[in-house]
Amino acid sequence: MPKEWLAEDLSEQYVADYKAFNFVDGEGVRCSLYLSGCPFHCPGCYNVAAQNFHYGQPYTQELEDQIITDLSQDYVQGLTLLGGEPFLNTQVAIRICERVRAEFGHDKDIWSWSGYTWDELLKDSDDKLKMLSLIDILVDGRFLEDQMDLTLQFRGSANQRIIDVPKSLARGDVVIWDKLKR
């Protein structure tokens, strides 16, 4: 149901984890920020601890500055936002996305995973739409155990899609990432 869950009501602006220089959360070398809190509670979720909105540590200016320093390395392709549910932590997610755009323009890409589908996000709150406008790639949809397929590229279940956000917003319909292999 659109606007059922809002970041302003749920987010405690906590970070479950931050991993610099990894190779599994999207294309290329990435810096991954795991935001705490997710009410979807997908059975089989790989990160159950991060479902708690108070798990981990508060997001800080020091962490943000470290992320920017790590992203400044030439070999880093971009930032990845995961969780938890990034779209229910828009206070943090929008802040870091705007900083990345201010520091690097579009030289660094931004990926985000979400339990929301593309269509759900388009019908939801203004902060979710703003965050969507700041990212390049969205892996959408809840993890479904009965569709689990560990051979899929960057996804855990077959219902999830890798969406090119700028192209999708321009076209007004979902455009699948053009580097999708499986």
Study note, to complete from the structure: Flagged pairs (Cβ under 6 angstrom, 6 or more apart or on separate chains; first in the stretch 16-36, at pLDDT 95 or above; second assigned to a loop (DSSP other than H, G, I, E, B) and charged (D, E, K, R)) are Ser32/Asp25
Exercise for review: Look at the stretch 126-148 and say how many of its residues are open to solvent by 70 Å² or more (accessible area, probe 1.4 Å) and within 11 Å of Tyr116 (Cβ to Cβ).
Suggested key: 1
Review point. Among the candidates Leu71, Leu10, which residue alone is closer than 24 Å to Phe154 by Cα and either of a type in the set (Phe, Trp, Tyr) or modelled with pLDDT of 95 or more (or both)?
Key: Leu71
**Study point:** Set Gln51, Gln13, Gln73, Gln66: member being open to solvent by 60 Å² or more (accessible area, probe 1.4 Å), within 16 Å of the chain's Cα centre (by Cα) and not hydrophobic (A, V, I, L, M, F, W, C)
**Key:** Gln13
Review point. So His41 fits all but one of (1) open to solvent by 50 Å² or more (accessible area, probe 1.4 Å); (2) touching a Phe, Trp or Tyr at 6+ places or on another chain (Cβ under 9 Å); (3) outside any strand (DSSP E or B); what number is the exception?
Key: (2)
Exercise for review: Look at Asp109 and say whether it is open to solvent by 10 Å² or more (accessible area, probe 1.4 Å), at pLDDT 95 or above, out of contact with any helix residue (DSSP H, G or I) (no Cβ under 8 Å at 6 or more places or on another chain) and under 19 Å from Tyr34 (Cα atoms).
Suggested key: yes
Point to revise | Residue check for Tyr34: of a type in the set (Phe, Trp, Tyr), within 21 Å of Lys128 (Cβ to Cβ) and buried (at least 17 other Cβ atoms within 10 Å of the Cβ) | key: yes
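Checking the structure you have, find out if any residue of the stretch 158-166 is under 23 Å from Gly84 (Cβ atoms), open to solvent by 70 Å² or more (accessible area, probe 1.4 Å) and not aliphatic (A, V, I, L, M). Spell out the reasoning first.
Restricting attention to the stretch 158-166, the residues satisfying the condition of being under 23 Å from Gly84 (Cβ atoms) are 158-163, 165.
Right, trim to open to solvent by 70 Å² or more (accessible area, probe 1.4 Å) and you get 161.
From the residues that got through so far, the ones that are not aliphatic (A, V, I, L, M) too are 161.
Checked against the condition, which is being under 23 Å from Gly84 (Cβ atoms), open to solvent by 70 Å² or more (accessible area, probe 1.4 Å) and not aliphatic (A, V, I, L, M), the stretch 158-166 yields at least one hit.
Answer yes or no: is there a residue in the stretch 70-83 that is in contact (Cβ under 8 Å) with a residue 60 or more places away in the chain and touching a strand residue (DSSP E or B) at 6+ places or on another chain (Cβ under 9 Å).
Yes, there is a match, as at least one residue in the stretch 70-83 is in contact (Cβ under 8 Å) with a residue 60 or more places away in the chain and touching a strand residue (DSSP E or B) at 6+ places or on another chain (Cβ under 9 Å).
The values are calculated or read from the model by the stated rules, or taken from the named source; none is laboratory data. In this text the structure is predicted, and so the values were computed from the model without any measurement. Quick reminder, even Gly has a Cβ in these numbers, built from the backbone with ideal geometry, and neighbours come from all protein chains shown. Side chains are part of the model used for accessible areas, which takes the heavy atoms of the whole protein and leaves out ligands, DNA and RNA. Shrake-Rupley method; radii C 1.70, N 1.55, O 1.52, S 1.80 Å.
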